[in-house]
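All remarks here apply to the structure that follows.
The values are calculated or read from the model by the stated rules, or taken from the named source; none is laboratory data. None of these values were measured; they are calculated from a predicted model. With ideal geometry, Cβ positions are generated from the backbone for all residues, glycine too; neighbour counts draw on all protein chains shown.
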Amino acid sequence: MTAADFGAVLALNGTAEGLVEPLNPDRLDWLRLIAAHAVVVDLDGAPAGFVLTFTPGSAYDGLAFEAFTRTYADRFLLVERIVIAAEHRRTGIATQVYRAIERAAKPFDRAVASVPSDTPALTFHKTRGYEEVAQQHHPNGTTTTLVSKELSG
């Protein structure tokens, strides 16, 4: 992901409002710089989605990241957000991205994420073998589910 991608990434993020935290250009630039992976998913020359991941020890400041650090110390890769364009959902793109993320996470033993409770995203993660490890209640009244997938072999 480069600064040239910001317009498309911010637009994609806006389509997932309520499922992911809002982003502005400054926050996106900071996240991109500290991320383990900041990748735009390109499909036929157009952005079809994006993903941000973080490793233990990064400067990332999310509540779920803090919870996973307390639980797993330095043994996880956090999928902070993955957004796929509406017209490309349910086409296998997210599955392909998750396969790549899980390969990258093997040295950390597990991949983790925070997903909105009772959503298709939670079902997607459970189908991929992620297990619920906690619920996180936020000041705005929403609840997210913390999920983890142990990566052995």
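A few comments on the model shown:
- Residue check for V41: over 22 Å from S152 (Cα atoms), crowded, with 20+ Cβ neighbours inside 10 Å and touching a Gly at 6+ places or on another chain (Cβ under 6 Å): yes
- Restricting the first member to the stretch 89-102 and to residues that are over 14 Å from A121 (Cα atoms), and the second to residues that are surrounded by 15 or more Cβ atoms within 10 Å (Cβ to Cβ) and hydroxyl-bearing (S, T, Y), the beta-carbon pairs closer than 9 Å and six or more apart or on different chains are I101/T53.
- Among the residues of the stretch 19-31, none is identified as of a type in the set (F, W, Y) and either within 14 Å of the chain's Cα centre (by Cα) or farther than 23 Å from A8 by Cβ (or both).
Here's the yes/no breakdown for (1) at pLDDT 95 or above; (2) small (G, A, S); (3) over 11 Å from the mean Cα position of the chain (by Cα); (4) part of a helix (DSSP H, G or I):
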| site | (1), (2), (3), (4) |
| --- | --- |
| L33 | yes, no, yes, yes |
| G49 | yes, yes, yes, no |
| Y60 | yes, no, yes, no |
| T69 | yes, no, yes, yes |
| V79 | yes, no, no, no |
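- Yes/no for T127 being free of Cβ contacts under 8 Å to residues at least 60 places away in the same chain and under 15 Å from the mean Cα position of the chain (by Cα): no
- Filtering the stretch 7-22 to residues that are modelled with pLDDT of 95 or more and surrounded by fewer than 19 Cβ atoms within 10 Å (Cβ to Cβ) leaves G7, A8, L10, A11, G14.
- In the stretch 130-142, the residues that are at pLDDT 90 or above and either surrounded by 14 or more Cβ atoms within 10 Å (Cβ to Cβ) or under 18 Å from G18 (Cβ atoms) (or both): Y130, E132, V133, A134, Q135, Q136, H137
- Of the residues making up the stretch 112-123, not a single one is more than 23 Å from G141 (Cα to Cα), in contact (Cβ under 8 Å) with a residue 24 or more places away in the chain and either touching a Ser or Thr at 6+ places or on another chain (Cβ under 7 Å) or crowded, with 16+ Cβ neighbours inside 10 Å (or both).
- Evaluated against (1) under 12 Å from the mean Cα position of the chain (by Cα); (2) over 11 Å from T53 (Cα atoms), V112 falls short on exactly one condition, (2).
Residue by residue, here is whether (1) in a helix (DSSP H, G or I); (2) closer than 19 Å to T144 by Cα holds:
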| position | (1), (2) |
| --- | --- |
| D5 | yes, no |
| N13 | yes, yes |
| L23 | no, yes |
| V40 | no, no |
| V83 | no, yes |
| E87 | yes, no |
| R90 | no, no |
| D118 | no, yes |
